[in-house]
Every structure is written in C-alpha cells, then in structure tokens.
Amino acid sequence: MSFKGEHILSVSQFDRDTIQHVFNIAHQMQPYASRQKRTKVLEGAILGNLFFEPSTRTRVSFGCAFNLLGGEVRETTGMESSALSKGESLFDTARVISSYSDVIAMRHPQAGSVAEFALGSRVPVLNGGDGANEHPTQALLDLFTIERELASSGQTIDGMHIAMVGDLKFGRTVHSLSKLLKLYKNLRFTLISPQELAMPSDIVDAIQSAGHQVTVTDALEGNLNADIVYQTRIQEERFPSKEEANLYRGKFRLNQEIYTRYCKSNTVIMHPLPRDSRMEANELDNDLNLNPNLAIFRQADNGILVRMALFALTLGVEHLLTKYECAVPWYSNKHSG
Ligand code: NCD
C-alpha cells in the first residue's frame, strides 16, 4: 500500500484499508508532534503552501506538519498577491511552483481547481479545500478524531449516530466526511439544516445506497441525541450576498443548556473551525468550553498528525521516521498534555 508520488485530491481515493494505514502512520507522529523527539526525515525538502482562500489552521497546520518532519515551507496567500490575478493559468502556476517544491498543498475557491492544478504539477498536490467541493485532509482528520473520541468510551465508528448541523450545502468538510463515513457499517445520519442549505442530494443518495439510515430535518431540538454532533459555520463566502447568508446565521446555536437538554451525556461535539463566535451567530457557545466532550481543539491538534502522515506517505518516507530521529533540546511541556 503506497501513496508515494500520488496527489491527494478527493476522499474517493480512500477505502477502509488505506484510511487505517494513514491513521497508523498518524499515530506514529505523536511523539514528534508533542516534541518528545524530532525527526529530520524531510530535511532539505520544500513544501509549496498555496492558499488562495482565507485559512488559519489548515494553512498553518500543513506548514507546521512539514516543519515537524524537518522540511522547509514557502507560502503564498491570497489571489491578489499571486500571478493568477494577472491571468496566469493554474497549469502554468503548477508547472513553475512544482519545480521549486517537493510537494504542494493548495486551497482555492473554485470547485475542481486543485485537480486542474495537479494536472500541471510534477510533484504530489494535497487538496486543502476546493470551493464547496472537497476537503479530503480535513475529512481524514475528522474521521481520525471520531475514531479516537469514540474509542475512549468503547465505541466504534461502525454503528454510530452522527448529527451534522448547519450549512450542509456549501460546507465542503461535511461533504468529504460523509463520503468517507459511507465506507463504514450501519451508521445513522441526522442532517440538520435549513431546507435551502440541505446536504446535496447526490451525497444523501450515496449514503442511503450504502445502507445507512438518514434523517433530514430543519429542527435542532430533539435531534441531537447522537454520538457525534458535527456543527458547521454558515459559509457566507459562498453565498451570492452577505444579506442572504445573514438569513441563516445563528439558526442552530448549540450551548450548554441545549446540550444538557437534548444531547447524550457523552455526545462528542466537533466543528472543523473557525466557529463563528459573533453574537448573532455563536454557533458553539463559549459556555461549552469546559465541557469535556467539546473535542474541537483535540480535532484541530489531530490535523497535525494526519497531515504529517500524508506528507510522509506521499514522499515515501513513512518507514524512515525513526532513522532520522534526534533529541529535543529546548524546554517543552507539550507532552504533558
Ligand atoms: C473549514 C473550511 O475551510 O472548509 N475550515 C477548515 O478547513 N478547518 C470550514 C469553514 O471554513 O467553515
């Protein structure tokens, strides 16, 4: 099972065995991510980190994941500061940047753009989100988080109940995650959104055809009795106007009171982040911050492990991590948790 030299563009490239392989490598990254030791396995390698759409954690975690393996990062952010704004094609940009880099991570507002870019690239390209289409590395880290969180209460992904909440139409994270989850067995999906922001029907059909149970609703109350509640942000940047996005902002707020009333005592709360914490949205209230089942920051931490694994795999060094190990000389309390 090898990913060496491959692009990671879509979750449809994965099956349960390959997912488990990625997760096994991700687990091996824990001592490096927590600074117990270092590995210089990618010393000398360069990541081209191209983010043509706003991003904090995806961009920074791709960069840090590469640094943690010993590699260097060159970054471009924003369309206006790149030659794409001068009319350069994705193919030409890919041709050039791929000769400067060993691997590329890319985010772009247009669906299909990262795959188009990959056609011109001579090095592996990892999709960091292409419009409302896909976000495969996020889906893998979400699934990794679900597996870990459920395992702590003796549960498995097979047989679980997940409620996805919010903007299921434009949210690429829930699109990619649903496509991965359909590979598992006997799942229950509760899809909670305003009717106008419902999960695309091709994804619902695919989940149902794979034998899972799907409930579609626009009511939050009474539908949160799930193992995982996956909250999302209204993707205002994909609406024709801010006014239209505002119609839906704050529709499905989750706070401690609603959690206590409608969730199970161990329902895990997830969110790809950023959570919109403005008063009028407040989709995951700060009063949940002390709830031990709020997994959003563990989820973001897991992004480092999964992205390190994907770099190691696409560059074919996953079996060389320990060979290039060295000590961490500086003070670090990261591994104390
Ligand atoms: C998500 C994205 O960009 O699709 N964020 C992320 O990558 N962690 C979700 C969002 O922006 O709402």
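The values are calculated or read from the model by the stated rules, or taken from the named source; none is laboratory data. Worth saying up front: this structure is predicted, and the values here are computed from it rather than measured. In this analysis, Cβ positions are derived from the backbone assuming ideal geometry, glycine residues included, and neighbour counts consider all displayed protein chains. What goes into the accessible areas is simple: the full protein's heavy atoms, side chains included, and nothing from ligands, DNA or RNA. Shrake-Rupley method; radii C 1.70, N 1.55, O 1.52, S 1.80 Å.
Given only helices, namely DSSP H runs of n ≥ 4 each adding -39500 (n - 2.57), what is the per-residue ellipticity at 222 nm of the chain, to the nearest 500 deg cm²/dmol?
-10000 deg cm²/dmol
Roughly how big is the stretch 136-297's charge dipole about its Cα centre, with Cβ charges of +1 (Lys, Arg) and -1 (Asp, Glu), in debye to the nearest 20?
260 debye
Angle, helix 136-151 long axis vs. longest principal axis of the chain, Cα atoms, 0 to 90°, nearest 10?
60 degrees
Over the alpha carbons of the chain, what is the largest minus smallest coordinate on each principal axis, giving the biggest first in Å?
The principal-axis extents, from largest down, are 54, 48, 40 Å.
For the stretch 196-261, what are the per-bin percents of Cα-Cα distances with bins 5 Å wide, up to the bin holding the maximum?
3, 12, 21, 20, 20, 15, 8, 1
Leaving out ligands, DNA and RNA but keeping every protein chain, what accessible area does residue 64 have, in Å² rounded to the nearest 10, with a 1.4 Å probe?
50 Å²
Could you check which residue among 129, 48, 78 shows the biggest mean-square fluctuation in a GNM of the chain with a 10 Å Cα cutoff?
78
Using the C-alpha gyration tensor of the stretch 159-231, what are the square roots of 5 times its eigenvalues, in whole angstrom, with the largest one first?
Over the Cα atoms of the stretch 159-231, the ellipsoid semi-axes are 17, 14, 10 Å.
May I ask you to work out the translational diffusion coefficient for the stretch 283-337 at 25 °C, viscosity 0.890 mPa s, via Stokes-Einstein with Rh from the Kirkwood sum over Cα pairs, reported in whole µm²/s?
Result for D is 170 µm²/s.
Given the alpha-carbon gyration tensor of the stretch 3-51, what are the semi-axes of its equivalent ellipsoid in whole angstrom, ordered largest first, with each equal to the square root of 5 times an eigenvalue?
Semi-axes, largest first: 22, 18, 10 Å.
Rounded to the nearest 10 Å², what accessible area does residue 221 have for a 1.4 Å probe in the complete protein model?
So the heavy atoms of residue 221 present about 100 Å² to solvent.
If I ignore ligands, DNA and RNA and count only protein heavy atoms, how much of residue 334 is accessible to a 1.4 Å probe, in Å² to the nearest 10?
For residue 334, solvent-accessible area is about 110 Å².
Helix 172-181 sits at what angle to the longest principal axis of the chain, using alpha carbons and giving 0 to 90 degrees rounded to 10?
On a 0 to 90 degree scale, this one is about 90.
Among 319, 7, 175, what's the order by accessible area (1.4 angstrom probe), most exposed first?
So, going from the largest accessible area down, we get 319, 7, 175.
Can you tell me the dipole magnitude for the stretch 172-225 around its Cα centre, using point charges on the Cβ only (Lys, Arg +1; Asp, Glu -1), in Debye to the nearest 20?
360 debye
If you average the alpha carbon positions of the stretch 26-50 and of the stretch 258-337, how far apart do those two centres end up, in angstrom?
Taking the Cα centre of each part, the stretch 26-50 and the stretch 258-337 sit 17 Å apart.
Per q in 0.14, 0.25 Å⁻¹, report the Debye log10 I(q)/I(0) for the stretch 1-101, using one uniform scatterer on each alpha carbon and no solvent.
Debye output, listed in q order: -0.71, -1.40.
For the stretch 223-337, what number results from the quotient of the Cα radius of gyration and 2.2 N^0.38 Å?
This ratio for the stretch 223-337 stands at 1.43.
Using every alpha carbon pair in the stretch 89-172, what percent of pairs falls into each 5 Å bin from 0 up to the bin containing the largest distance?
The percentages, shortest bin first, are 3, 13, 18, 17, 13, 11, 10, 8, 5, 1, 0.
Hey, what's the Kirkwood Rh for the stretch 65-208 if you take every pair of different alpha carbons, in angstrom?
Value: 17.2 Å, from the Cα pair sum.
How far is helix 90-100 tilted, in degrees, relative to the longest principal axis of the Cα atoms in the chain, given as a value from 0 to 90 rounded to the nearest 10?
50 degrees
Taking the convex hull of the alpha carbon atoms in the stretch 136-297, what volume per residue do you get, in Å³?
104 Å³
Using a 1.4 angstrom probe with every protein chain in place, what is the largest-first accessible-area order of 37, 251?
Listed by decreasing accessible area, they come as 251, 37.
Which percent of the accessible area of the stretch 292-337 is formed by carbon and sulfur heavy atoms (probe 1.4 angstrom)?
Answer for the stretch 292-337 is 57 percent, counting heavy atoms of protein chains only.
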